[in-house]
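Below is one structure; the comments refer to it alone.
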Amino acid sequence: MGKTNVLDAIYYLSFCKSHFNVIDSQNIEHNSDFFMLQGDYSMKGTEEHIFCGVKRRQKKQFKRNKKEYTRISDHIGLLPLVFVSPNDSELIDAGSEERRRFVDGVISQYDKTYLQHLLAYANLLKQRNALLKLEQLPEETYFQVIEEQMADHAVYIYNARIQFITKFEPIFQHYYRYISEDKETVSLAYLSQLHDRELTAALVRTRERDLILGYTTQGIHKDDFEMKLGDFPIKRVGSQGQNKTYLIALKLAQFDFLSQTHGVHPLLLLDDIFDKLDASRVRRIVELVGSERFGQIFITDTNREHLDEILTQIAQTASIFYVENGVITEQKTLI
């Protein structure tokens, strides 16, 4: 009906892209030439107006208070946000890229320098991979220049990820223990080639193999984050309820972490998250998000009775909106 689209529009205004489809043109309706998003925000007494416009075959426009950004990446972090959705299961089920994207997304919201290093590294990696695919082997100097720059950016990214995971994991474990009522133990560990090697030397050592393969096998783009339930990978042993609890605990820890680094509560978007959870875990989550430590929350659910029951447990003002065929109608406000 469009409930998730509402949340995605809010997400878009924070991250300059869709949570579900990063190709901007594919977010335009088939019979339209453009889409436009606008949002009014109040942060620490300051009013902010954010505008986004995307036209087919044209550059995306992003404006803050009617002034267009020179670099859209400068907007990241202004409006901190945490999105919890059924798609989060990919963090457990998919490859390392999804887990890196999660960690990079958290760090980039409070460390703009990290984001710049990340973008620069990705560009250099693209250049090195292009050299590896050339039919005629280029001069070694080309590789040396790119590899030295890659290593410089990698050191910053690596250290930032270590600092993040050191501070983040205890917060994550706290939320998991609370939701599960101490029924299981979990962990989140950072795996990186840079734990035991220097990147420049590693790139030189593996260059011949990389030329055969046509891509770069060493670097922080190969990092991963190991998710365990007890002593085993949660991907192998976790039930649906345990996996969902793990993911929700991750996102609530992300909320807590961003609150500390920003000094303001992020927006919290909860998209149909209560499926596959027993009543006890749902109650514990509602108790958490309904407390004063959380700010503005958007919850979607297909079961109206279920949602009414949840909202009566939240000691905050709540408005209920009904979405049908993309049309949003306010139903009532609960105090």
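Summing charges over all other residues whose Cβ lies under 9 Å from the Cβ of Asp33, with Lys and Arg as +1 and Asp and Glu as -1, gives +2. With a threshold of 25 Å on the Cα-Cα distance, the over-threshold entries among Lys17/Lys126; Lys3/Lys244; Lys183/Lys222; Lys67/Lys251; Lys228/Lys276 are Lys183/Lys222; Lys67/Lys251.
With respect to the chain, whose longest principal axis is taken over its alpha-carbon atoms, helix 240-262 is tilted by about 80°. In order along the stretch 55-69, the Karplus-derived 3J(HN,Hα) couplings, from 6.51 cos²θ - 1.76 cosθ + 1.60 at θ = phi - 60°, round to 10, 4, 6, 10, 5, 5, 9, 9, 10, 10, 6, 6, 9, 6, 6 Hz, and Gly and Pro are given as x. Relative to the longest principal axis of the Cα atoms of the chain, the long axis of helix 140-180 makes an angle of roughly 30 degrees.
Think of the chain as having a plus end and a minus end, set by charges on the Cβ of Lys, Arg, Asp and Glu; of Gln218, Asn31, Ala94, Asn31 sits farthest toward the positive end of this dipole. Here the 3J(HN,Hα) profile of the stretch 277-289, calculated from phi with Karplus coefficients 6.51, -1.76 and 1.60 at θ = phi - 60°, is 10, 6, 4, 5, 5, 4, 4, 5, 5, 5, 4, 5, 6 Hz, Gly and Pro shown as x.
When the inverse distances between all different Cα atoms of the chain are averaged and flipped, the Kirkwood radius reads 22.1 angstrom. Its relative contact order, with pairs defined as Cα atoms under 8 Å and 6+ residues apart, puts the chain at 18 percent.
Computed from the coordinates by the stated procedures, all read-outs in this text should not be read as laboratory data. Keep in mind the model is a prediction, meaning the values are calculated, not measured. Positions of Cβ are generated from backbone atoms using ideal geometry, with glycine treated the same way; all protein chains shown enter the neighbour counts.
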